[in-house]
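Working notes for the structure below.
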């Protein structure tokens, strides 16, 4: 462009015309630079945002870190009155609910993704895919209110009593399914989370499955594989990295999910073995107590919980993205 | 023959499980939407949109909550969209292959899936503590933080779909880069950019966690950006967990309104995307 403009200046005959052209070109260049700098600044803004999140969380949790040190991580007590705070109960709740969610969601999501890529008639693919993605679009508070008013009472009346009765005499399971059926609790939260992460894992696995070269599949069919064997021995091994990424991304979502869990987990600061007992999770503790925290130490302990949550999800999401980055870029989405 | 039969039965078994999981997924969607419509439409009437949230024990509407949500969503979009658009433009047009861009892309992807409650804590530390009180501005800022990564991502992806030959043609005419981007690239990617914005609106209009300790909530109608403001998700949260029947009923109605709005937005975005871009 510079070459063209210099030629334009040389070819311009009269002095005033030359000046005018130079001014226009200068204006172009100024606006160009201004816009580029603006875009660059905004791009840096994204980095600053992340930096800001980390710095502010660390700053906010400093009083709690100073007061409890590392013992915060293995103290179970959570008592705003005596200002004793420990992260065991929320950490345990977050881990347990996410574990339950993944155990339920991963196989179902893979099943749906296999259906969408291998079994579904072409005409139904888009509608079914969109319907599953709509599940992801429903705000989490809706899952919460539905879980609290519809799902928890259902579990309490029809699922939990038989579970308790059935496993009463089985050694390990009896302690997992013990206590009165409250309806709300770890199990309920886990199942609700499973529905919420299902569409994420499904849609990424579907995209990942779509990257398998058809020549591989055709070769497998050519040597006489059944459709299931093609899926099991060609599609899944070929896409393993992407699938792990999808699962990790779903896990990241499950760990940080707030509102739905807050409604159905029961908010009890206990780390008991029973899946039917009320418990709490990191996000539910923050959502419930933050506005009511009076002492500076209480607020700070809650922010430290947030920091722990952020660090854990950061690592998991980063790992997932690293696994997915090649495939995702390939897809251009 | 028996080997073949076994393999076929195994395939049928596993695919049966696949069909089952599809049925469960779709069934669950139907179940949730069905309950929402059933419970939410029970006292859906014009008064929902003309009256304030009531004290316990009396009838009322959700006017202040709907208005508050609309204001904060608009404000959040107004702050977040330009920033996200510019950052996405940088990634796609200026620094496509630079090291900075790949770092920003990575960070942006992380922000995209970061738990929203952490965003709330961040804004609490940065704005609420400084200002000394809860405010709608802080809520809008929290929503903007959620909007930015979504818009960055879609902007970059959509601009990359614009054929380079269009830019080269414009460049050959002697247009400056800024004009090429604004008049050619943005225009060619317009459907995609609008899709991204719609998805962002859909995402933030249901967000609750970041609002809880940035705007708090407000029992009354308020358009004062400097004070607490009601919002639909916060009202649902408060009312659903209350012991009062009327409040719980209103929570269902609010839930129906939000879900209808969010699903309408995401379906519109999808329709637009399908039309604008050959996929």
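Derivation of every value follows stated rules applied to the coordinates shown; laboratory data play no part. None of these values were measured; they are calculated from a predicted model. FYI the Cβ positions are ideal-geometry reconstructions off the backbone, even for glycines, and counts take in every protein chain you see.
Here are a few things to note about the model shown:
- The C-alpha atoms of chain A define a longest principal axis, and helix A:15-68 lies at about 20 degrees to it.
- Global geometry of region B:231-270, whether rounded, prolate or oblate, following the gyration tensor of its Cα atoms and the 1.5 cut on a/c: prolate
- Translational diffusion of region A:164-275, µm² s⁻¹ [Kirkwood Rh, Cα pairs; Stokes-Einstein; 4 °C; 1.567 mPa s]: 76 µm²/s
- Overall size of the protein assembly as shown from C-alpha positions, given as principal axis extents largest first: 100, 76, 55 Å.
- FRET efficiency for the residue B:129 to residue B:220 pair, using the beta carbon distance and R₀ = 35 Å, is estimated at 0.90.
- Volume of the Cα convex hull of region B:9-79, divided per residue and given in Å³: 153 Å³
- Percent breakdown of C-alpha pair distances by 10 Å bin, ordered from the shortest bin, for chain B: 6, 22, 26, 21, 14, 7, 2, 0
- Take every Cα pair under 8 Å whose residues are at least 6 apart in sequence, average their separation, divide by the length of chain B, and the relative contact order is 26 percent.
- Normalised alpha carbon radius of gyration of region A:7-110 [divisor 2.2 N^0.38 Å]: 2.33
- Kirkwood hydrodynamic radius of region A:232-333, Cα pairs, Å: 15.9 Å
- Just checking the listed ones, A:59, A:277, A:87: in the Gaussian network model of chain A with Cα springs under 10 Å, the one fluctuating most is A:59.
- Note on region B:1-123: the C-alpha convex hull projects to 16.2 nm² when averaged across all orientations.
- Put in order of Cβ neighbour count within 10 Å, fewest first, the listed residues A:225, B:18 become A:225, B:18.
- For region B:113-171, convex hull volume per residue from C-alpha positions, Å³: 102 Å³
- Its residue count N fixes a reference of 2.2 N^0.38 Å for region B:137-215, and the Cα radius of gyration divided by that reference is 1.43.
- Cα pair distances exceeding 36 angstrom across chain A, given as percent: 41 percent
- Helices in chain A, meaning DSSP H runs of at least 4 residues, each add -39500 (n - 2.57). Divided by all residues, the mean residue ellipticity at 222 nm is -23000 deg cm²/dmol.
- The label-point distance for residue B:44 and residue B:23, in a model that sets each label 7 Å from Cα toward Cβ, rounds to 3.0 nm.
- Volume per residue of the C-alpha convex hull in region A:69-126, rounded to whole Å³: 121 Å³
- Global size of region B:179-279 as Cα Rg and Dmax, reported in angstrom: 18.1, 59
- With neighbours defined as other Cβ atoms within 10 Å of a residue's Cβ, the residues A:232, B:167 order from fewest to most as A:232, B:167.
- 10 Å binning of all Cα-Cα separations within region A:45-185, expressed as whole percents from 0 upward: 9, 19, 27, 27, 14, 3, 0
- Using alpha-carbon coordinates, inclination of helix A:122-137 to the longest axis of chain A, degrees: 70 degrees
- Descending principal axes extents, region B:70-133, alpha-carbon based, whole Å: 43, 22, 20
- Shielding of peptide B:233-244 by partners, expressed as the average count of other chain Cβ atoms within 10 Å per residue Cβ, is 3.
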